[in-house]
Amino acid sequence: MVIYFSGTGNSRYAAEVAASETADEIRDAGAYIKEGKRGDFSSQRPWVFVSPTYCWQLPRLFAEFIRKSRFSGTRDAYFILTCGGETGNAGEKIAAFCREKGFRYKGMLEVVMPENYVALFSVPEEAECRRLTADAARKIKDSVRYIREGADFPEVKPGVLDRVKSSGLLNAGFYGFLVKSKKFYATDACISCGKCVKSCVLNNIRLVDGRPEWGKKCTHCMACISVCPEEAVEYGKRTVGKRRYLCHEKAEGLF
Ligand SMILES: Cc1cc2nc3c(=O)[nH]c(=O)nc-3n(C[C@H](O)[C@H](O)[C@H](O)COP(=O)(O)O)c2cc1C
């Protein structure tokens, strides 16, 4: 069973490709998280967890969801991490997480896709996004044979710098200092459509007099800023005039 978390659609698409290629079921962890529910999953086929990379690790929110959810049937767990550049030493961290959860770790596949962290970086141009997405789909299609055959994904040896990037200390600093919602605001271009409200997996946005207001729970998934049809959501000054990104691709034959 393929279980994914996605802010701006890259990992949803990656999960769809993986599910389509393995002819397996697919579940959106975000829907459970939004409803405040844990998962109760059962499958004889391997678990395939798909998500973005946050600060060179599995996103905390997704890890928490997996930790709290119940999994019966198989213990084999594959991870596909989409990223804008690289996953650092996420694999070793996930392997430790699997030991804690009682999963048999079958490896992690790094899949480069368009960078979506518009609050910090620039999003690639459209043609580059299309190229990256097509390459990503190809890589996943080529790699699902490991899942079909029950083999581990090929191991990638981390370097010293990878270990630093994925360290607990850096991750704690990332969530403690950077992942905040107070810089989000809506400009006069806001049309009160409420798409930002719906997109927020943590139900952290509400409309007040027709304008979105952000509470304190935020995981920086970039959904609210990316779904706005008027590009009216900004994050301080960093996002002004910057291209937004959403992955609209659909895996063929699935839906
Ligand atoms: C909060 C946050 C942290 C990120 N950290 C990393 C990172 O450490 N390394 C990386 O290569 N990309 C990083 N990215 C980029 C995303 O992992 C990448 O664009 C991913 O494909 C987005 O997936 P999604 O569309 O399913 O949300 C980060 C993005 C966000 C929003």
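The values are calculated or read from the model by the stated rules, or taken from the named source; none is laboratory data. Bear in mind the structure is a predicted one, so any value in this text is a computation, not a measurement. Glycine also receives a Cβ, built like all others from the backbone with ideal geometry; neighbour counts cover every protein chain displayed. Areas reflect the complete protein model, heavy atoms only, side chains present, ligands, DNA and RNA absent. Shrake-Rupley method; radii C 1.70, N 1.55, O 1.52, S 1.80 Å.
Could you tell me whether LYS182 is among the basic types (Lys, Arg), part of a loop (DSSP other than H, G, I, E, B) and modelled with pLDDT of 95 or more? The answer is yes for LYS182. Taking the numbered list (1) assigned to a loop (DSSP other than H, G, I, E, B); (2) in contact with a Phe, Trp or Tyr (Cβ under 9 Å, 6 or more places away or on another chain) in turn, GLY241 passes all entries but (2). Scan the stretch 119-164 for residues that are open to solvent by less than 40 Å² (accessible area, probe 1.4 Å) and assigned to a helix (DSSP H, G or I) and jot them down. Listed by number, the residues that qualify are CYS129, LEU132, THR133, ALA136, ALA137, ILE140, SER143, VAL144, ILE147, ASP162.
Restricting the stretch 88-118 to residues that are in contact with a Lys or Arg (Cβ under 7 Å, 6 or more places away or on another chain) and assigned to a loop (DSSP other than H, G, I, E, B) leaves a set whose member that is farthest from TYR245 (Cα to Cα) is GLY102. Residues in the stretch 212-255 that are open to solvent by 80 Å² or more (accessible area, probe 1.4 Å) and of a type in the set (Lys, Arg): LYS216, LYS217, LYS237, ARG238, LYS250.
Considering GLU16, GLU25, GLU21, GLU86, the condition of being touching a residue at least 12 places away in the same chain (Cβ under 8 Å), of a type in the set (D, E, K, R) and open to solvent by less than 20 Å² (accessible area, probe 1.4 Å) is satisfied by GLU16 alone. Considering the stretch 34-62, and only residues there that are assigned to a strand (DSSP E or B) and aromatic (Phe, Trp, Tyr), the residue that is nearest to the ligand (Cβ to nearest atom) turns out to be TYR54.
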